[in-house]
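Structure first, commentary second.
The values are calculated or read from the model by the stated rules, or taken from the named source; none is laboratory data. Because the structure is predicted, anything quoted here is derived from the model rather than measured. Heads up, the Cβs are rebuilt from the backbone with ideal geometry, glycines too, and the neighbour counts pull from every protein chain shown.
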Amino acid sequence: MNVPGQARQTSAFGYLAARPAWSATTAMAVAVSTSAAMLWFYAMYSTLFGQAETFSHASTFYLISLFLVFLLRPTRRASWNAPLNAWFIVDLLWALASVAVFLYIKWDVDALTMRGSGAFASDLDRTVAAVFILLTLEATRRTVGGSLALLAAGFFLYSVYSDWFPPPLKAAPMPLERMIDTMFFDTSGIFGLPVAIASTYIVIFLVFGALLFNTGIGRLFTELAFIFTGKARGGPAKASVLGSTMFGMVTGSASANVAVVGTITIPLMKQAGYRPQVAAAVEATASVGSLIAPPVMGAGAFVMAAFMGVSYWDVATMAIIPATLYFWYVFLCVHFEAVRNDIRPWTGALPRLRDSLRERGHLLLPIVLLVILLARGMSAAQAAMWGALATIAVSYLRRSSALTPWRILDAMEKAIVNGLTIFTACGAAGIIIGAVSATGLGTRFTELLVLLSGDQLWIGAILAAFIGLVLGLGLTPTVVYLTMYALVIPALVHLGASEAGAHMMAFYYGMLGELTPPVAISAFTAAAIAGANPMTTSWHTMRFGLLAYILPLVFVYSPELLLIGDTAAIATMVVRVFCGMLLIAAASSGALLQSLGWPARASLVIAGACLLLPSSWWSTALAVVLSIPVMHGQLLAERQGTSLRSARES
């Protein structure tokens, strides 16, 4: 059985480097490595010298990606280099169909584009277009899963049979031929903005991250995290949060974060006294933050920048405070968990800062260069490309980090293979957006959401949050954001939310599937490393990631958290939320300076929630009234506990 996204892939370049005898597997390795190299060099060439016309550029990138999907996600085989079976013929036919569509487009792309844009597509054009739509759906099923493939197919069928639905979904149906033309030729179809963003920006950032990964920068981040937090209370868990924060800033991948940082920190957390499910949850929650941590965020951030008509640097800047708040909350939860369970500071040996920086500090230079180039206004794709080239150059400053030609090719292949899920998801999202645009469903859904909310923003925000959570249980973060963009964001803006707040809310709820059971992919990965129960781990992950469920609702009312507004208002709101998060983290963990009883925890939750509301004197006063008695009691208990410990020691 083919399990989407779960096949264990062996590097094709690594296989060929061993100089194997010629066989079917060798031929497969040549096909995979050649296609991945073509895709990489095409992306780099387009960044350096400019792209071809939109249809030609997007089709080249996307169809090579589809070809790779059918080779790398085979049917009823664990990976591309597993022994062939009878289903290989089916995989080969899908792959050859991708090649056929590619050649048909490239045979005379200008004439094909003119026929399509002028509504003069021939029967053969439409047949090829229909095959292409099927290729997209099948590739989506193999990489993302059946849920997104069915959703995209459902939206396509809805656009053709929309008159069969009851109001408010009922609409004038689109002719089948016209919808096929839209999906293939139109920029609101499969070759629309999501695929354009993937082929222009996302692929370059994936290469940048893969090159850094192959230099061993993950070890540097882990060492720095232990140096700065190892001797603190609950040190290994705090090192997990800090290490995941730093590693996530350059990968934008939760799974990679868990795999690199978690294999080191989870065993140490267990050794320090954290329960296995808690250790796994800490790592998973911190790793999910990589999707929202600039400068390299999740793929949805690039799409958000395009939809909002701003630069990627603007989106990354808006994400600074929310990302800081997220990791601050996880850090606090870890600390209070250590207080409640009396987990003492780490007593093992720690790396030396001087040694770590001398051996691997040069690997930070490409990240600094990337930030500088983005801040100076360079396009995200070009900044990432120069960052990738700088990574190759500085890696040779130490033999241990040197990116040899084979390591470069391996990084390139990893980047492309890891990106296939994003690329095909963007194609499926193009079907959804195209159907919504063609039928006017977005407008009707906006009207319905406004009606259900009674013209109240807070009700609309809660409904939007629920929609985002449900979508996140079956779709990737990028697709959740794209679907929310088509159906939900317009309603929030209509109800009074700022455009930036509505977009950032949708972006945050897109990632919550990584935290929320029964999906919680990152939690399940971390649980496997910790030897913990996956479902128990995922519930702890929700507790540690509680902020991610609350903070997007705050964006809607308080865009100051996105650095929008005057300095005083921004500073006031940031301080309020920082304090509110501290109180809520203490309540959820059951400790502040000492363990907390349930009445005290309830008081802190209410006080913390008051501080998350838009700034007002009554909410601030209520927070103070509820929290001060609890804090006073904690100070007395801590003083008494310190006295008892001193008496025992004497």
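Being among the small types (Gly, Ala, Ser) and closer than 22 Å to VAL128 by Cβ is the filter; apply it to the stretch 41-68 and report the residue that is surrounded by the fewest Cβ atoms within 10 Å (Cβ to Cβ). Among those that are among the small types (Gly, Ala, Ser) and closer than 22 Å to VAL128 by Cβ, it is ALA52. Select from the stretch 453-489 the residues that are over 24 Å from PHE302 (Cβ atoms) and part of a helix (DSSP H, G or I) and list them in ascending order. Once the filter is applied, which keeps residues that are over 24 Å from PHE302 (Cβ atoms) and part of a helix (DSSP H, G or I), the stretch 453-489 yields LEU457, TRP458, ILE459, GLY460, ALA461, ILE462, LEU463, PHE466, VAL470. If we scan the stretch 97-107, do we find a residue that is closer than 30 Å to ALA383 by Cα and of a type in the set (A, V, I, L, M)? Within the stretch 97-107, none of the residues are closer than 30 Å to ALA383 by Cα and of a type in the set (A, V, I, L, M). For the stretch 75-125, give me each residue that is over 25 Å from VAL30 (Cα atoms) and either under 32 Å from the mean Cα position of the chain (by Cα) or of a type in the set (Lys, Arg) (or both). Matches in the stretch 75-125: ARG115 only. The set of residues in the stretch 585-640 that are of a type in the set (Lys, Arg) and within 19 Å of LEU547 (Cβ to Cβ) contains only ARG601. Within the stretch 175-207, the residues that satisfy the criterion of being assigned to a loop (DSSP other than H, G, I, E, B) and among the polar types (S, T, N, Q) are THR187, SER188. Elements of the type helices (runs of 4 or more DSSP H) sitting completely within the stretch 77-174 and holding at least 1 residues that are modelled with pLDDT of 90 or more and over 15 Å from LEU63 (Cβ atoms): these cover 88-107, 123-143, 146-160. Taking the stated definitions as given, is VAL128 more than 24 Å from THR25 (Cα to Cα) and in contact (Cβ under 8 Å) with a residue 12 or more places away in the chain? It is true that VAL128 is more than 24 Å from THR25 (Cα to Cα) and in contact (Cβ under 8 Å) with a residue 12 or more places away in the chain. The set of residues from the stretch 438-471 being among the small types (Gly, Ala, Ser) and either free of Cβ contacts under 8 Å to residues at least 12 places away in the same chain or touching a Lys or Arg at 6+ places or on another chain (Cβ under 9 Å) (or both) comprises ALA438, GLY454. Taking the stretch 539-643 as the region of interest, the helices (runs of 4 or more DSSP H) fully inside it that hold 2 or more residues being out of contact with any strand residue (DSSP E or B) (no Cβ under 9 Å at 6 or more places or on another chain) and surrounded by fewer than 17 Cβ atoms within 10 Å (Cβ to Cβ) are 567-589, 598-612. Looking only at the stretch 288-310, count every residue that is touching a residue at least 24 places away in the same chain (Cβ under 8 Å) and under 23 Å from GLY430 (Cβ atoms) and tell me the total. Residues that pass the stated criteria total 13. The single residue among SER401, SER356 that is of a type in the set (S, T, N, Q), touching a Ser or Thr at 6+ places or on another chain (Cβ under 8 Å) and more than 18 Å from MET44 (Cβ to Cβ) turns out to be SER401.
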